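Take a look at the structure below.
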Amino acid sequence: MPPQITVQLYSVRDQASADYEGTIRSIADMGFGCVEPAGYPGSSAEKAAKLFQELGLSAPTAHIALPIGDQKNEIIEQALMMGHKYLITGCPPGFQDAYSSLDSIKATADLYCQAAENLAPHGLQVGYHNHDWDLGLIGEQRKYQLFLEQTPETVIYEADIFWVARAGLDPVAFIKEIGARGKALHFKDGIVSTQEKFTAAKTESGDVMVSDSIPFRAAGTGQVDLLAAYKAVEHAEYIAVELDAFEGDMLQAVKQSYDYLTSNGIAQGTK
């Protein structure tokens with residue numbers, strides 16, 4: 001049985017800010033049974049939870065801050081209210097500085113180990129979502145490999161295969177390498193080009209990567225071989241649609257992505 005299809009709601013942040021309820025209703029009408037929140041622009045977690053329940057939506061994954069330090073209890077309480085299973089960081093604390101040296105990678109891994117310990121009593125798991133700068137070399141080893149070596153397998157790895165391809169790596173090999181950690185994956189498509197220059201920007205859900213140009217495309221219309229990548233999928237429970245940005249109608253691009261992934265048997269929805 002294919003994984004459940006979900007959508008990273010950061011994709012529709014502008015639409016949600018203007019009309020959160022209407023946007024989520026549109027997502028549900030497309031056939032999504034799951035969504036992946038990244039903050040609640042134009043709404044709140046409490047309001048969203050009620051809306052999700054009304055529409056029969058679940059939110060098993062979310063992009064959310066690490067449940068450590070002073071925020072620990074608040075984050076865990078929200079996760080339990082929303083029904084999250086996997087709490088995934090869109091970017092690590094410290095952003096790119098977290099991968100600037102061997103010591104910083106180790107310190108970052110330690111934070112995820114703490115988060116895993118904090119979540120375990122609640123039956124929840126922490127996860128990491130990659131970009132391309134955390135996949136590069138440090139010495140003779142890939143940065144993400146150092147992170148994986150220093151965290152237990154209970155720390156899941158939400159591979160974003162657009163960024164994997166943009167880093168010059170093979171998404172098929174990458175999915176195989178992360179193995180059982182790949183409980184949730186981002187099947188993002190786009191024009192894979194090393195010419196794009198991405199910079200950091202702050203949002204409600206944390207730092208993200210933005211670019212003056214927009215390489216992201218609806219699933220099946222870019223340069224990432226999603227069909228080949230799916231052949232390597234063994235452990236994924238959820239496969240997400242995500243477009244960081246789009247030149248055109250974002251909701252239409254999300255619907256086109258839904259249609260492509262479900263019609264090709266990569267993921268299943270409700271329609």
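The values are calculated or read from the model by the stated rules, or taken from the named source; none is laboratory data. Quick caveat: nothing in here was measured; it's all calculated off a predicted structure. Every residue, glycine among them, receives a Cβ derived from its backbone with ideal geometry; neighbour counts consider all protein chains shown. When the accessible area is computed, the model is the full protein with side chains, heavy atoms only, and any ligands, DNA or RNA have been set aside. Shrake-Rupley method; radii C 1.70, N 1.55, O 1.52, S 1.80 Å.
Observations on the model:
- Cross-chain or 6+ apart pairs with Cβ under 9 Å, the range 1-21 first and in contact (Cβ under 8 Å) with a residue 24 or more places away in the chain and under 15 Å from A267 (Cα atoms), then open to solvent by 10 Å² or more (accessible area, probe 1.4 Å) and assigned to a helix (DSSP H, G or I): P2/Y230; P2/T262; I5/T262; V7/M30
- Any pair with Cβ under 8 angstrom, 6 or more apart, that starts in the range 39-50 at a residue that is farther than 14 Å from A62 by Cβ and without any contact (Cβ under 8 Å) to a residue 60 or more places away in the chain and ends at one that is open to solvent by less than 60 Å² (accessible area, probe 1.4 Å) and assigned to a loop (DSSP other than H, G, I, E, B): K47/Y40
- Some residue of the range 169-184 being at pLDDT 95 or above, over 22 Å from I5 (Cα atoms) and part of a loop (DSSP other than H, G, I, E, B): yes
- In the range 234-258, the residues that are of a type in the set (S, T, Y) reach residues that are open to solvent by 60 Å² or more (accessible area, probe 1.4 Å) with C-beta atoms within less than 7 angstrom, at least six apart or across chains, in these pairs: Y238/Q4.
- So T61, is it in contact (Cβ under 8 Å) with a residue 12 or more places away in the chain, open to solvent by 40 Å² or more (accessible area, probe 1.4 Å) and under 21 Å from P3 (Cα atoms): no
- Selected residue (criterion: surrounded by the most Cβ atoms within 10 Å (Cβ to Cβ)) from residues of the range 234-271 that are among the β-branched types (V, I, T) and touching a strand residue (DSSP E or B) at 6+ places or on another chain (Cβ under 7 Å): V241
- Tally of residues being open to solvent by less than 60 Å² (accessible area, probe 1.4 Å) and more than 20 Å from S11 (Cα to Cα) across the range 75-94: 7
- Taking the criterion of being hydroxyl-bearing (S, T, Y) and not in a helix (DSSP H, G or I), the only residue of the range 224-254 that qualifies is Y238.
- Neighbours by Cβ (under 8 Å, 6+ apart or cross-chain): first from the range 151-165, without any contact (Cβ under 8 Å) to a residue 40 or more places away in the chain and farther than 10 Å from L185 by Cα; second open to solvent by less than 10 Å² (accessible area, probe 1.4 Å) and in a helix (DSSP H, G or I): V164/F174
- Scan of the range 104-136 for residues that are outside any helix (DSSP H, G or I), aliphatic (A, V, I, L, M) and free of Cβ contacts under 8 Å to residues at least 40 places away in the same chain, ordered by number: L135
- Residue identified as out of contact with any Asp or Glu (no Cβ under 9 Å at 6 or more places or on another chain), open to solvent by 60 Å² or more (accessible area, probe 1.4 Å) and at pLDDT 95 or above among T154, T194: T154
- Residues of the range 1-51 satisfying the condition of being assigned to a strand (DSSP E or B) and of a type in the set (D, E, K, R): E36
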